[in-house]
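Structure first, commentary second.
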Amino acid sequence: MSFRRIIAALALIAATTLMATPGHTTEALQALDVRADGSRIVNLIVHPEPRTAPNIKFFDAAGKTLTLEDFRGQYTAVHFWATWCFPCRGEMPTVDHLQGELGAEKITILPLSLDRHGPAQVADFYGEFGIQHMPVYIDEGMDSARAMRVNGIPATIFVDPQGREVARVLGDRDWSTPEVIALVKGIVNHANK
């Protein structure tokens with residue numbers, strides 16, 4: 001068995017054990033982010049109590065207005081990024097891989113682009129980088145990023161089915177690794193208790 005599979009198995013065991021804890025607890029969610037050696041997987045920032053997420057507004061590729069409320073009832077990860085952001089360019093294929101692995105029935109990733117040149121620029125990026133599992137969404141004027149208090153990109157904010165922000169990750173990560181996929185599954189399963 002490879003080292004990566006062993007680490008992924010340990011992360012999944014830890015996540016399964018912690019899922020037995022009812023309700024939202026900071027400690028349980030933070031524990032999902034810790035490897036066997038004590039190092040952090042994604043450096044998850046967990047809030048002491050879930051906080052109501054603002055009902056942000058954004059646009060799809062056709063120009064239709066959507067809100068976070070449209071996704072109420074499902075777990076979402078609001079991912080702020082831009083085509084001009086060098087770390088984002090490397091990270092987005094891994095975010096797409098995560099969405100493909102987990103599927104929309106587990107979590108919906110909302111990739112909100114801060115690009116000013118509209119959906120065509122983002123669609124070109126998707127084509128160039130092989131993004132297949134996520135739609136094009138635009139945060140025009142960065143209003144959503146401001147409302148969610150995002151000070152830098154990339155940033156990923158986990159919102160539970162009740163519309164509450166439970167955690168966030170600042171900076172780029174490789175979302176395609178088995179241990180990160182297990183971590184996100186654990187977060188979603190923990191929130192669905």
query = Which peptide among 156-168, 36-48 comes first, and what is the full order, when sorted by highest mean count of other Cβ atoms within 10 Å?
reply = 156-168, 36-48
note = With R₀ set to 30 angstrom, the calculated FRET efficiency between the beta-carbons of Arg72 and Phe129, to the nearest 0.05, is 0.50
Aspartates and glutamates whose Cα lies under 20 Å from that of Lys106, excluding same-chain neighbours fewer than 8 positions away = Asp33, Glu69, Asp70, Asp96, Asp160, Glu165, Asp174, Glu179
message = Looking at the chain only, what percent of DSSP beta bridges run antiparallel? Nearest 5 please.
response = 70 percent
Top of Thr76, Thr26, Thr65 by mean-square fluctuation, Gaussian network on the chain, Cα under 10 Å = Thr65
task = Give the calculated FRET efficiency between Lys106 and Phe86 to the nearest 0.05, with a Förster radius of 45 Å applied to their Cβ-Cβ distance.
result = 0.95
message = Can you work out the Karplus-derived ³J(HN,Hα) for every residue in the stretch 117-127? Use 6.51 cos²θ - 1.76 cosθ + 1.60 with θ = phi - 60°, whole Hz, and x for glycine or proline.
response = 9, x, x, 4, 5, 5, 4, 4, 4, 4, x
query = Which values of log₁₀ I(q)/I(0), to two decimal places, follow from the Debye formula for the chain at q = 0.12, 0.13, 0.14, 0.17 Å⁻¹ with a uniform point scatterer at every Cα?
reply = -0.55, -0.65, -0.76, -1.11
request  = Name the most mobile residue of Ala53, Ala28, Ala62, meaning the one with the largest mean-square fluctuation, in a Gaussian network model of the chain with Cα contacts below 10 Å.
outcome  = Ala62
request  = Take every DSSP beta bridge with both residues inside the stretch 69-166 and express the antiparallel ones as a percent of the total, to the nearest 5.
outcome  = 45 percent
Zero-based 10 Å bins, Cα pair distances in the stretch 102-193, whole percents = 14, 44, 36, 6, 0
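Readers should treat all values here as calculations from the given coordinates under stated rules, not as data from a laboratory. Not measured: the values here are computed from a predicted model. Here Cβ is always computed from backbone atoms with ideal geometry, including for glycine, and neighbour counts include all displayed protein chains.
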